[in-house]
Amino acid sequence: MRTAVDTNVVSAIWSQEPASVQVATTLGRAKNEGGLVAGAAVYAELLAYPNMTEKLVNGFLDATGIDLDFEYTRATWLEAGLRFARYAARRRRAGGGEQRRLLVDFLIGAHALVQADRLMTLDAKRYQRDFPELKIIQTGYSL
């Protein structure tokens with residue numbers, strides 16, 4: 001069972017948040033259950049982490065066994081676009097104005113849905129509404 005990893009999982013470990021040990025343990029368990037993958041959107045966000053370099057990101061991903069997937073399929077882009085459009089329309093109908101979430105969130109969700117088997121994230125609520133069929137691994141810790 002291949003697990004897509006959200007940016008916030010890695011950043012929680014890097015920042016040594018109170019639950020970082022629990023997050024790392026859950027990540028290790030997911031790896032043993034079938035492997036880990038990070039999509040291109042996650043990789044790009046990781047590069048923006050404070051004081052991070054390409055070499056450091058690549059070293060961490062290699063050390064933890066998180067494979068990189070830079071090839072988003074057409075189905076992934078379509079899924080992300082359609083769900084982002086539904087989200088934007090829902091915000092407008094609710095009088096919430098412009099969207100607050102970024103397309104990258106929808107790329108992460110669509111990548112997990114189409115190109116992996118599940119998503120490990122610390123922000124399950126963010127994905128549950130727009131990707132209700134997506135299997136989510138929760139660490140017991142959330143944002």
How large is the helix-only mean residue ellipticity at 222 nm for the chain, computed as the sum of -39500 (n - 2.57) over DSSP H runs with n ≥ 4, divided by its residue count, in deg cm²/dmol to the nearest 500? -16500 deg cm²/dmol
Sparse-neighbourhood loop hits (GluC sites (Glu not before Pro), the range 1-108; DSSP loop; Cβ within 10 Å at most 15 others) -> Glu33, Glu71, Glu98
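Using DSSP to call loops (not H, G, I, E or B), can you name the chymotrypsin sites (Phe, Trp or Tyr not before Pro) in the range 51-143 whose Cβ has at most 14 other Cβ atoms within 10 angstrom?
Working: sites: Phe60, Phe70, Tyr72, Trp77, Phe84, Tyr87, Phe106, Tyr127, Tyr141; in loops: Phe70, Tyr72, Tyr141.
Passing both the DSSP loop test and the Cβ count: Phe70.
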In whole percent, what relative contact order does the chain give with Cα contacts below 8 Å and a gap of six or more residues? 32 percent
Using amide H atoms built 1.01 Å from N in the peptide plane, name the residues 5+ places from Leu68, or on other chains, whose amide H lies under 5 Å from its own. Ala38
Near the amide H of Asp130, under 5 Å away, which other amide H atoms are found, from residues 5 or more places off or on another chain, if H is placed in the peptide plane? none
When the expected Rg is taken as 2.2 N^0.38 Å, what fraction or multiple of it is the alpha-carbon Rg of the chain? 1.03
Place a +1 charge on the Cβ of each Lys and Arg in the range 2-91 and a -1 charge on the Cβ of each Asp and Glu, then give the dipole magnitude about the Cα centre in debye, rounded to the nearest 20. 420 debye
³J(HN,Hα) computed for each position of the range 52-68 - Karplus, 6.51 cos²θ - 1.76 cosθ + 1.60, integer Hz, glycine/proline x: 8, 10, 4, 4, 5, 4, 4, x, 5, 4, 4, 5, 8, x, 8, 6, 9
Using only Cα atoms and rounding to the nearest 10 degrees, what angle (0 to 90) does helix 103-115 make with the longest principal axis of the chain? 70 degrees
Here the FRET efficiency for Ala85 versus Met52, based on Cβ atoms and R0 = 35 Å and rounded to 0.05, is 0.65
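Values in this text are rule-based calculations from the coordinates and carry no lab data. A quick note: this is a predicted structure, and the numbers were derived from the prediction, not measured. Note that each Cβ is placed from the backbone with ideal geometry, even for glycine, and that neighbours are counted across all protein chains shown.
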